[in-house]
Amino acid sequence: MLSTIWNTLLFNPILNIVIVLYHYLGDNLGLAILAIAVIVRILLTPLLKKQTEMTKKMANLKPELDKLQKQYANNKEKLSQEQVKLYKRVGYNPLGCIGTLVPQLVILSVLIGVIRAVTDSNLEGLYTWVKDLINFSDGYMINTQFLFWDMTKSYNEMSSEFGRFGVQSLPYIILAILVGIVQYLTTLFTQKMQTPTSPVKKEKKKEGEVSPEDMQAQMQKSMMFMFPLMTVFFTISMPAALGWYWMVQSFMLVIQYFTLDFDKTK
């Protein structure tokens, strides 16, 4: 039942969209993936806008949160209750960032399945009108070549066949490195965009004491390196189409911030 719901609501629609885009973009799977990335980012604009608003609210909440931390320094339970009340009063959701992350992960999971289906020429989920549009037949083949890559191949596959430093393998490891670099720059950019523009006044702390600001800075620093390494690892083992998709998504995120908060983006 779950597989039926997954296929009906997610897999089949995205498979058909990819094939339609592939058809209208000159039988080019790379351009179809690019178009999907742009469409997904456009659809996520309202969620990103909401997340940006939450960031601004958090910046405005900082003085009040500091006041609460001083007032209830010795009563963590009461502090937590008062913080929740404050969040509700101004409409701030600390988990708001998940709203943009979850849809991206879902789409990425669906795309993995779609790419595998294309690789195996398993297009059973195509709608009748799409089959008529592309003149689908039993021998119908998808052109998976785009620039230097076969969109359905990964570095692991190519290196096992041609060697780790084989000429045929190099474009795939270069793609993985490029995705990691873009992810690093995007993470750095996003963290700066989500940091309050007004300087945060740090209080003196006792020796050995770690302030919330220091903890947050340490977490951000860890994420700044962890996410790029994760994307490199996944790109090495996943089809090139997914690395290409992730890289376009990252560029689109920067463009979205330009439209939502142009002054700060500059």
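Being without any contact (Cβ under 8 Å) to a residue 40 or more places away in the chain, part of a helix (DSSP H, G or I), farther than 30 Å from ASN143 by Cβ and open to solvent by less than 50 Å² (accessible area, probe 1.4 Å) narrows it down to one residue among LEU48, LEU79; which is it?
Details: LEU48 fails: without any contact (Cβ under 8 Å) to a residue 40 or more places away in the chain.
So the residue among LEU48, LEU79 that is without any contact (Cβ under 8 Å) to a residue 40 or more places away in the chain, part of a helix (DSSP H, G or I), farther than 30 Å from ASN143 by Cβ and open to solvent by less than 50 Å² (accessible area, probe 1.4 Å) is LEU79.
State which residue is surrounded by the most Cβ atoms within 10 Å (Cβ to Cβ) when the search covers only segment 10-45 and only residues that are more than 19 Å from the chain's Cα centre (by Cα) and hydroxyl-bearing (Ser, Thr, Tyr). Spell out the reasoning first.
Step one: of segment 10-45, the residues more than 19 Å from the chain's Cα centre (by Cα) are 12-13, 15-17, 19-29.
In the following step, the residues that additionally are hydroxyl-bearing (Ser, Thr, Tyr) were identified as 22, 24.
Working: TYR22: 23, TYR24: 14.
In this case the residue turns out to be TYR22.
When the residues of segment 144-196 are narrowed to those that are hydroxyl-bearing (Ser, Thr, Tyr) and part of a helix (DSSP H, G or I), which ends up farthest from VAL114 (Cα to Cα)?
Going through segment 144-196, the residues hydroxyl-bearing (Ser, Thr, Tyr) turn out to be 144, 152, 154-155, 159-160, 169, 172, 184, 186-187, 190, 195.
Checking the rest, the ones that are also part of a helix (DSSP H, G or I) come to 155, 159-160, 172, 184, 186-187, 190.
On the way: TYR155: 19, SER159: 23, SER160: 24, TYR172: 20, TYR184: 27, THR186: 26, THR187: 27, THR190: 29 Å.
Filtering segment 144-196 for residues that are hydroxyl-bearing (Ser, Thr, Tyr) and part of a helix (DSSP H, G or I), the one farthest from VAL114 (Cα to Cα) comes out as THR190.
Specify the residue that is nearest to the chain's Cα centre (by Cα); the eligible residues are those in segment 169-179 that are open to solvent by less than 10 Å² (accessible area, probe 1.4 Å) and touching a residue at least 24 places away in the same chain (Cβ under 8 Å). I'd like the intermediate steps shown before the answer.
Filtering segment 169-179 for residues open to solvent by less than 10 Å² (accessible area, probe 1.4 Å) gives 169, 175-176, 179.
Applying the additional criterion that residues be touching a residue at least 24 places away in the same chain (Cβ under 8 Å) yields 175-176, 179.
Working: LEU175: 17, ALA176: 15, VAL179: 12 Å.
Taking the candidates together, the pick is VAL179.
At pLDDT 85 or above and exposed (fewer than 13 other Cβ atoms within 10 Å of the Cβ), is that true of PHE148? Spell out the reasoning first.
Working: at pLDDT 85 or above: yes; exposed (fewer than 13 other Cβ atoms within 10 Å of the Cβ): yes.
For PHE148, the condition - at pLDDT 85 or above and exposed (fewer than 13 other Cβ atoms within 10 Å of the Cβ) - is met.
Which of the residues that make up segment 230-244 are surrounded by fewer than 23 Cβ atoms within 10 Å (Cβ to Cβ), in contact with a helix residue (DSSP H, G or I) (Cβ under 7 Å, 6 or more places away or on another chain) and more than 16 Å from THR119 (Cα to Cα)?
VAL232, ILE236
The values are calculated or read from the model by the stated rules, or taken from the named source; none is laboratory data. No experiment lies behind these values; they were computed from the predicted model shown. Every residue, glycine as well, gets a Cβ built from its backbone with ideal geometry; the counts of neighbours run over all protein chains shown. Accessible surface is based on the protein model in full, side chains and every heavy atom, while ligands, DNA and RNA are left aside. Shrake-Rupley method; radii C 1.70, N 1.55, O 1.52, S 1.80 Å.
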